[in-house]
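Participant: First the structure, which I've put down as C-alpha cells, then a few questions once you've had a look.
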Amino acid sequence: KVPLMFGFLYLFVCSLDVLSSAFQLAGGKVAGDIFKDNAILSNPVAGLVVGILVTVLVQSSSTSTSIIVSMVSSGLLEVRSAIPIIMGSNIGTSVTNTIVALMQAGDRSEFKRAFAGATVHDCFNWLSVLVLLPLEVVSGYLHHVTRLVVATFNIRSGKDAPDLLKIITEPFTKLIIQLDKSVITGIATGDESLRNRSLIRVWCGPASPQMATVGLGPPPNCTSPGHCSTKGIEVLHNITRQKCKHLFTDTPLPDLAVGLVLLAGSLVVLCTCLILLVKLLNSLLKGQVAKAIQKVINTDLPHPLSWLTGYFAMVVGAGMTFVVQSSSVFTSAITPLIGLGVISIERAYPLTLGSNIGTTTTAILAALASPGDKLASSFQIALCHFFFNISGILLWYPLPFTRLPIRMAKALGERTAKYRWFAVLYLIICFLLLPSLIFGISMAGWRALVGVGAPFLGLLFFVGLVNALQAHSPGRLPKWLQTWDFLPAWMHSLQPLDRVITQATLCCTDRC
C-alpha cells in the first residue's frame, strides 16, 4: 500500500504540472495580452484583478510573477504599478487546492473539513489584500520598504532557484508536453512577432555531437542562409538543436485544442489519483496509527514554548514549499489530509502561511539570477511578494482573536457540507465573476469604484457585525434584528436556491 500511495502521489503532482500547462495553452496568449495594456495596469485595483485572472488562467503564480519581473526589468512597468498585480497573483494561486477539495465531495464530513482547509488560504489572501492594497495606494508602504532593503544590501547576482521537485516529475511530464513560456512573456512585453507562434515547444536543447554529425551529413535542407534542417535536427546560425520528444511535437491541432485535451486528461488523472489516495490513506490510517499521527501533527510544543508551535509549523510549510517549489502542490497535497481529519484546520492554517512564504523565497532566488542592470528592480518585486505575505501574517496570525481566516473558512466548510453545489458557486464568484465585475467598475474610474465599493464594503461590515452579535449576544440588538427572518427567504438562506438546483438536477437526471 505504501509504494502504491507514493505512486499515486507522484501521478497527482505530475497531473497538477500538466494541468498548469493545459491552462497556459488555453489561455496563455490571452494572459499576455492582458498584461500588455499598461494604461490598465497603472490602476491599482485593475492591476490586482489582472493578477488574479492571469494566475487563474495560467494556473501558476510563478509564471505570472516571472512575466511581471520581465516587464519591470525591461522598463515596461514600474515597480509601484506591479505591486497590486503581485497581490492578485497571490489570490489566484489559491484556486488549485480549492479545486482539489471538490474531489472529496462524496463524504459530507470529509468535504466540510477539506473545503475549509482549502479556503483558509483564500480567506487569508482576500483579507490581506483588503487591508494592504488601500494602505499601499495611500502610503506606498511595500514600495518604500523594499526599495530601502535593496539600497541597504549590496546585492550580487546569484543562482537560479533549485528545481528539486522537477528533477523527479519532469522526466514524465516532458514526455506529455513541453511549453515555450517565453512566448507569453514576449506578447506581454510587446513582441508582435510571437503572436502567431505556438506555445508548444518543437525544438529543444542542443543535440549530442554524434547526432549532430549524423544529422549534418550531406545534403542538408537549407531553406535560408544559416537555417538548415534534416529529419529531427535543425541547424540555426550554426547552433544544432534536436527535435523535442513529446506527444504533441508534430500535432496539427491549435494550442487551444491541445490545451483542452490536456485539461480533460489531467483532471481525470488528478481526480482518479486523489480518490485512490484518499482510499489508501483511509485504510492505512486506521485505529491507533491514525490517532498517533494526529497526535504528533496537531500537538503543541511543551508548555513554555507552546506559543511557538504555529511559527514552527510555518517554518515546516515554508521548507516543504521551497523543496517542491510550488505552494499549489504543497497546499493541494495537504488538502486530502485535512479532509480525513489527520491535520486540523488550526494546524493547516500556519502550514499554509508558511507555504506562502516558501513560494516567495524561490522567486527571490530567481530574481538574484537576473543580469546586473535588471537585478535591483527584479529583486525589489520579489521582495514585495515576500513582505506582502509577512505583513498578512502579522495582521492575521499572532493574536488568536485576529485569526479570522480560520473562522471564515469553517463557516464556508459548514455551508458547503449542507449545500454541495455552493462550492462550485464559490469558485465561479470568487475567482471569475467578482474579479471581472471589480475590473469593469475600476475601468469607469475612481469615482465609480468608490461609489459602488464603499457602500458594498459598508454593507458587508454591517452584516458581519450583526451576524457576530446574533451568535454571541443577541440582547444588544433591537428585537427585529435578532434574526434575519424579516427579510425575504432568498436574501438570508440558500434553501430556495437549493430547491431550484435540486429540481433542475432531478429533471435533468430523469430525462437522461
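The values are calculated or read from the model by the stated rules, or taken from the named source; none is laboratory data. Since this is a predicted model, take the numbers as computed values, not measurements. Cβ placement follows ideal geometry from the backbone for every residue including glycine, while neighbour counts extend to all protein chains displayed. Quick note on the areas: whole protein, heavy atoms, side chains included, nothing else; ligands and nucleic acids left out. Shrake-Rupley method; radii C 1.70, N 1.55, O 1.52, S 1.80 Å.
Participant: Might you check whether a residue that is open to solvent by 70 Å² or more (accessible area, probe 1.4 Å), of a type in the set (D, E, K, R) and either closer than 18 Å to MET103 by Cβ or not in a helix (DSSP H, G or I) (or both) occurs anywhere in region 296-306?
Facilitator: So far as region 296-306 goes, yes, one or more of its residues are open to solvent by 70 Å² or more (accessible area, probe 1.4 Å), of a type in the set (D, E, K, R) and either closer than 18 Å to MET103 by Cβ or not in a helix (DSSP H, G or I) (or both).
Participant: A further question on this structure: Can you confirm whether VAL500 is in a helix (DSSP H, G or I) and either touching a residue at least 12 places away in the same chain (Cβ under 8 Å) or exposed (fewer than 12 other Cβ atoms within 10 Å of the Cβ) (or both)? Talk me through it step by step, then tell me what you get.
Facilitator: Details: in a helix (DSSP H, G or I): yes; either touching a residue at least 12 places away in the same chain (Cβ under 8 Å) or exposed (fewer than 12 other Cβ atoms within 10 Å of the Cβ) (or both): yes.
Taking the combined requirement at face value, the residue satisfies it.
Participant: Among the residues that make up region 145-155, is at least one of them surrounded by fewer than 19 Cβ atoms within 10 Å (Cβ to Cβ) and among the hydroxyl-bearing types (Ser, Thr, Tyr)?
Facilitator: Within region 145-155 (the criterion being surrounded by fewer than 19 Cβ atoms within 10 Å (Cβ to Cβ) and among the hydroxyl-bearing types (Ser, Thr, Tyr)), the answer is yes, since at least one residue qualifies.
Participant: For PHE486, are the conditions met, namely being over 28 Å from the mean Cα position of the chain (by Cα), farther than 28 Å from GLU110 by Cα and not in a helix (DSSP H, G or I)? Talk me through it step by step, then tell me what you get.
Facilitator: On the way: over 28 Å from the mean Cα position of the chain (by Cα): yes; farther than 28 Å from GLU110 by Cα: yes; not in a helix (DSSP H, G or I): yes.
Criteria met by PHE486.
Participant: Would it be correct to say that VAL466 is open to solvent by less than 50 Å² (accessible area, probe 1.4 Å), in a helix (DSSP H, G or I) and more than 26 Å from PRO84 (Cα to Cα)? It would help to see each step written out before you state the result.
Facilitator: Numbers: open to solvent by less than 50 Å² (accessible area, probe 1.4 Å): yes; in a helix (DSSP H, G or I): yes; more than 26 Å from PRO84 (Cα to Cα): yes.
Taking the combined requirement at face value, the residue satisfies it.
Participant: Which one is nearest to SER327 (Cα to Cα), of the residues in region 156-181 that are modelled with pLDDT of 60 or more and open to solvent by less than 50 Å² (accessible area, probe 1.4 Å)?
Facilitator: Selected residue: LEU165.
Participant: Report, ordered by the first and then the second residue, all pairs with beta carbons closer than 6 Å, sequence separation of six or more or different chains, a first member in region 439-464 that is farther than 19 Å from LEU487 by Cα, and a second member that is outside any helix (DSSP H, G or I) and open to solvent by less than 40 Å² (accessible area, probe 1.4 Å).
Facilitator: Pairs found: SER442/ASN43.
Participant: If you scan region 127-143, which residues turn out to be open to solvent by 50 Å² or more (accessible area, probe 1.4 Å) and under 16 Å from LEU434 (Cβ atoms)? Walk me through how you get there before you give the answer.
Facilitator: Quick first cut of region 127-143, residues open to solvent by 50 Å² or more (accessible area, probe 1.4 Å) only: 130-131, 134-135, 137-139, 141.
Matches in region 127-143: LEU130 only.
Participant: Give me the pairs: first residue in region 329-342 and without any contact (Cβ under 8 Å) to a residue 40 or more places away in the chain, second residue in a helix (DSSP H, G or I) and aliphatic (A, V, I, L, M), beta-carbon distance under 7 Å, and six or more apart or on different chains, which are they?
Facilitator: PHE330/MET320; PHE330/VAL324
Participant: Same structure again: Restricting the search to region 254-286, which residues are closer than 14 Å to SER20 by Cβ and out of contact with any helix residue (DSSP H, G or I) (no Cβ under 6 Å at 6 or more places or on another chain)?
Facilitator: Answer for region 254-286, where residues must be closer than 14 Å to SER20 by Cβ and out of contact with any helix residue (DSSP H, G or I) (no Cβ under 6 Å at 6 or more places or on another chain): GLY265, LEU267.
Participant: Applying the selection to region 362-398, what residues are modelled with pLDDT under 75 and either of a type in the set (A, V, I, L, M, F, W, C) or open to solvent by less than 50 Å² (accessible area, probe 1.4 Å) (or both)? Lay out the reasoning, then the answer.
Facilitator: Of region 362-398, the ones modelled with pLDDT under 75 are 362-363, 365-374.
Across region 362-398, the qualifying residues are THR362, ALA363, LEU365, ALA366, ALA367, LEU368, ALA369, SER370.
Participant: Name the one entry in GLY47, GLY7, GLY28, GLY51 that is in a helix (DSSP H, G or I) and in contact with a Lys or Arg (Cβ under 9 Å, 6 or more places away or on another chain). Reasoning before the result, please.
Facilitator: Numbers: GLY47 fails: in contact with a Lys or Arg (Cβ under 9 Å, 6 or more places away or on another chain); GLY7 fails: in contact with a Lys or Arg (Cβ under 9 Å, 6 or more places away or on another chain); GLY51 fails: in contact with a Lys or Arg (Cβ under 9 Å, 6 or more places away or on another chain).
Just a single option satisfies the conditions, and that option is GLY28.
Participant: Follow-up. Mind counting the residues in region 71-113 that are of a type in the set (S, T, N, Q) and open to solvent by 40 Å² or more (accessible area, probe 1.4 Å)?
Facilitator: Step one: of region 71-113, the residues of a type in the set (S, T, N, Q) are 73-74, 81, 89-90, 93-94, 96-98, 104, 109.
Right, trim to open to solvent by 40 Å² or more (accessible area, probe 1.4 Å) and you get 74, 109.
So the count comes out to 2.
Participant: Of all residues being among the small types (Gly, Ala, Ser) and at pLDDT below 75 in region 49-95, which is nearest to ALA376 (Cα to Cα)? Just the residue, please. Don't jump to the end; show me each part of the working.
Facilitator: Looking only at region 49-95, we keep the residues that are among the small types (Gly, Ala, Ser), and these are 51, 60-62, 64, 66, 70, 73-75, 81-82, 88-89, 92, 94.
Right, trim to at pLDDT below 75 and you get 60-62, 66, 70, 73-75.
Details: SER60: 24, SER61: 21, SER62: 19, SER66: 15, SER70: 12, SER73: 8, SER74: 12, GLY75: 12 Å.
Checking each candidate, the answer is SER73.
Participant: Can you name the residue in region 325-358 that is under 17 Å from SER89 (Cβ atoms) and outside any helix (DSSP H, G or I) and, of all such residues, is modelled with the highest pLDDT?
Facilitator: SER326
Participant: Consider THR361 against the criteria (1) more than 18 Å from the chain's Cα centre (by Cα); (2) in a helix (DSSP H, G or I); (3) more than 21 Å from LEU130 (Cα to Cα): it satisfies all of them except one. Which criterion is unmet?
Facilitator: Unmet for THR361, out of (1) more than 18 Å from the chain's Cα centre (by Cα); (2) in a helix (DSSP H, G or I); (3) more than 21 Å from LEU130 (Cα to Cα): (1).
Participant: Restricting the search to region 422-449, which residues are open to solvent by 80 Å² or more (accessible area, probe 1.4 Å) and at pLDDT 85 or above? Walk me through it before giving the result.
Facilitator: The initial filter retains those residues of region 422-449 that are open to solvent by 80 Å² or more (accessible area, probe 1.4 Å), namely 432-433, 437, 443, 446-447.
Passing the criteria: LEU432, LEU433, LEU437.
Participant: Confirm whether PHE401 is aromatic (Phe, Trp, Tyr) and open to solvent by 60 Å² or more (accessible area, probe 1.4 Å).
Facilitator: On the way: aromatic (Phe, Trp, Tyr): yes; open to solvent by 60 Å² or more (accessible area, probe 1.4 Å): yes.
Yes: the conditions hold for PHE401.
Participant: Taking VAL315 and the conditions (1) in contact with a Leu (Cβ under 6 Å, 6 or more places away or on another chain); (2) modelled with pLDDT of 85 or more; (3) in a helix (DSSP H, G or I), which numbered condition does it fall short on, given that it satisfies the others?
Facilitator: Unmet condition: (1).
Participant: Let me ask something else. Note down all Cβ pairs under 7 Å where the first residue falls in region 233-262 and is open to solvent by less than 80 Å² (accessible area, probe 1.4 Å), the second is among the polar types (S, T, N, Q) and at pLDDT below 85, and they're at least six residues apart or on different chains.
Facilitator: ILE233/THR240; ILE233/GLN242; VAL235/SER229; LYS243/THR249; ASP255/SER198; VAL258/THR251; LEU262/SER21
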